[in-house]
Every structure is written in C-alpha cells, then in structure tokens.
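Data first, discussion second: the structure below is written as structure tokens.
The values are calculated or read from the model by the stated rules, or taken from the named source; none is laboratory data. Quantities reported herein were computed from a predicted structural model and do not represent experimental measurements. As a convention, Cβ positions derive from the backbone with ideal geometry for all residues, glycine included, and neighbour counts pool all protein chains shown.
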Amino acid sequence: MARIAIVIAGDADHADRAVAEWLAGRVRLRGGAEVDLLDVGAACLPAAPPCGLPTPPAVDDLAPWLDEADGFVLVLQGGPPNPVRQAVTWCAGCWRGKPAGLVWYGNAPPDEAGVHTLLAAVGARVIGPAVCFADPGRSGQADLMLHDLMRHDLMRHDLTRHDPVRDDLNRDETPWRT
C-alpha cells in the first residue's frame, strides 16, 4: 500500500492544516494509500545544515517520516516557506526519486517555478498540474493528482505510460467534475 505524506508549514491561521485534512479525507475516500500529515513548521528545523556538526535531533525525528513516504503533497500558499525549504534541504535523500504533487491555497500567487527548482535540486519529481484549492473543480483535480501519486509505476519512474483509469478520471462527463 502506498504511503503519502501531506506536508504543511504550520501557518499561524491553520489554513494549511484545513486544506491538508480535506486532502487526507480524499485519500481515505479513494482507499489504497496510507496518509501522514507532517507539519514541518512544528519540527523546528535549523535554518541551514552546519558544516561538520552532528545532525540535529529535529532532523533525526523528521527524516524517518519523509523516508517512509512513497510520494508527497505539498500544501502551499505562494512560494515554499522556510520550514518546507529546510525540510527539503536537511532531508534531501528522503525526497530523491519520489513524486510530489502541489496544492495551492490562499490569495498569494503560486510560485510553481520556485517549488519545481527546490524539489528538482534534491531529485524529486513534481507531477501533473497543481491543484488550486479555490477552484470549484478541486475535488476532481485532487483525485487525479492522488491517482497519479498512488500509481506504483509512477512512484518508480514511468510518467508517460498509458493509464486507462487516469483517462477515465480525466473525462468531462465524470460526475465529480462540475
């Protein structure tokens, strides 16, 4: 069974947590995956890895959760906030070769290029178009992204293979795409 880590920065207004819990509910409705909600802001990671010093305990605590994930969903407002940057930088090996989906919320313009650059630097792959939480079609968009994350072959490499389930989810006449 796939394990998806939904990563939030722990915003003060808890809006990212509400979006992440909605998304976790979508995963539970679909079945076929376990989900972890990771508040990397609560991890209190140091700003930058210091040279020659031992790994901080906060990194040792977070890394196994990221390492166990088969794929990620980053819930973001605007660009990647410092806690997300720190989690990616400190735990770079945990992200390598894994797919990541993006969910945007709030009024800040999304910085997709910044997120793509951050994740590409550690070898993670951003999949599909980002889901915009303000979009009325967000449930269908999220289901499509989750389907892609849970595809075993996608989690390992093949992004171009024909997938009849995804083709069916992408049809305009499906009931959840209103």
- Task: Say whether the condition of being of a type in the set (Val, Ile, Thr), within 15 Å of the chain's Cα centre (by Cα), modelled with pLDDT of 95 or more and under 24 Å from Leu62 (Cα atoms) is met by at least one residue in the stretch 120-139.
- Result: yes
- Note on the structure: Within the stretch 104-113, residues among the aromatic types (Phe, Trp, Tyr) and in a loop (DSSP other than H, G, I, E, B) come out as Tyr105
- Query: Considering only residues of the stretch 86-119 that are more than 15 Å from the chain's Cα centre (by Cα) and within 19 Å of Ala15 (Cα to Cα), which is surrounded by the most Cβ atoms within 10 Å (Cβ to Cβ)?
  - Reply: Gly106
- Which residues, counting only those in the stretch 118-147, are touching a residue at least 24 places away in the same chain (Cβ under 8 Å), outside any helix (DSSP H, G or I) and on the phi < 0 side of the Ramachandran plot? Val122, Ala124, Arg125, Val126, Ile127, Ala130, Val131, Cys132, Phe133, Ala134, Pro136, Gly137
- Unique match (being at negative phi and without any contact (Cβ under 8 Å) to a residue 40 or more places away in the chain) among Ala87, Ala100: Ala100
